[in-house]
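The values are calculated or read from the model by the stated rules, or taken from the named source; none is laboratory data. A quick note: this is a predicted structure, and the numbers were derived from the prediction, not measured. When we count neighbours, we look across all protein chains shown, and the Cβ atoms used for this are built from the backbone with ideal geometry, even at glycine. The accessibility values were calculated without ligands, DNA or RNA, using every heavy atom of the protein model including side chains. Shrake-Rupley method; radii C 1.70, N 1.55, O 1.52, S 1.80 Å.
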Amino acid sequence: MRKFAILLLALVLVSACQETLEERAAREARAYTEKNCPAQLSDYIVIDSMTFDAQTRTFCYDYRFMGLMDTTAHDSAAMYDELRANMKNATALKAYKDAGYRFRYVYRSQKNPEVILFQAEFGEGDY
């Protein structure tokens with residue numbers, strides 16, 4: 001009986017330590033934002049946060065355009081194509097892509113943060 005109790009306790013402890021892919025995604029998004037954001041990626045782009053919505057299984061990357069890029073005049077098709085190509089080649093996201101997660105990119109104006117200058121969302125059929 002004692003061996004059974006020890007085995008049961010060990011199984012409970014092992015299963016309690018495992019996190020779901022959704023929990024991992026939320027943890028990784030939160031950790032990335034806490035450690036790296038905001039971060040200036042170029043002269044014109046800052047990443048403000050990365051979040052994860054477990055209900056829609058969507059990662060959201062929030063960026064800010066500055067300077068010359070802080071305008072509504074963008075080649076949206078070219079930006080979309082470049083982001084999509086980056087998604088296809090992102091090996092760090094393989095587990096999430098294999099599970100059919102979504103990825104949303106939102107670029108806001110630094111001058112007026114309520115204004116979205118560009119956004120794109122990618123799902124399973126896009127990568």
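Spacing of the modelled spin labels on ASP98 and ASP53, each 7 Å from Cα toward Cβ, amounts to 2.6 nm. Of the DSSP beta bridges with both residues in the chain, give the percent that are antiparallel, rounding to the nearest 5. Counting only bridges with both partners in the chain, antiparallel ones make up about 65 percent. Taking Cα atoms only, the orientation of helix 2-17 departs from the longest principal axis of the chain by about 0 degrees. Here region 47-127 exposes an accessible surface that is 48 percent carbon and sulfur, computed with a 1.4 Å probe and the other protein chains kept in place.
Remark: the chain carries 66 Å² of accessible area per residue (probe radius 1.4 Å; ligands, DNA and RNA excluded).
Of the residues CYS37, CYS17, the one with the largest accessible area comes first in the ranking CYS17, CYS37, computed with a 1.4 Å probe on protein heavy atoms. Under 5 Å between amide hydrogens, built in the peptide plane, is the criterion, and for ARG102 it picks out THR58, PHE59 among residues at least 5 positions away or on other chains. For region 22-39, 3J(HN,Hα) computed residue by residue from phi via the Karplus equation (6.51, -1.76, 1.60; θ = phi - 60°) reads 5, 5, 4, 4, 5, 5, 5, 5, 4, 5, 4, 5, 5, 7, 10, 10, x, 9 Hz, glycine and proline entered as x.
Helix 76-89 and the longest principal axis of the C-alpha atoms of the chain enclose an angle of approximately 30°. Net charge dipole, the chain: roughly 680 debye, given to the nearest 20, about the Cα centre with Cβ charges of +1 for Lys and Arg and -1 for Asp and Glu.
For the set ILE47, ILE116, the ranking by accessible area, highest first and with no ligand, DNA or RNA atoms included, is ILE116, ILE47 under a 1.4 Å probe.
Counting Lys and Arg as +1 and Asp and Glu as -1 over every other residue whose Cβ lies under 13 Å from the Cβ of THR33, the net charge comes to -1.
A simple spin-label model places pseudo-atoms 7 Å from Cα toward Cβ; at GLU121 and ASP75 they are separated by 2.7 nm.
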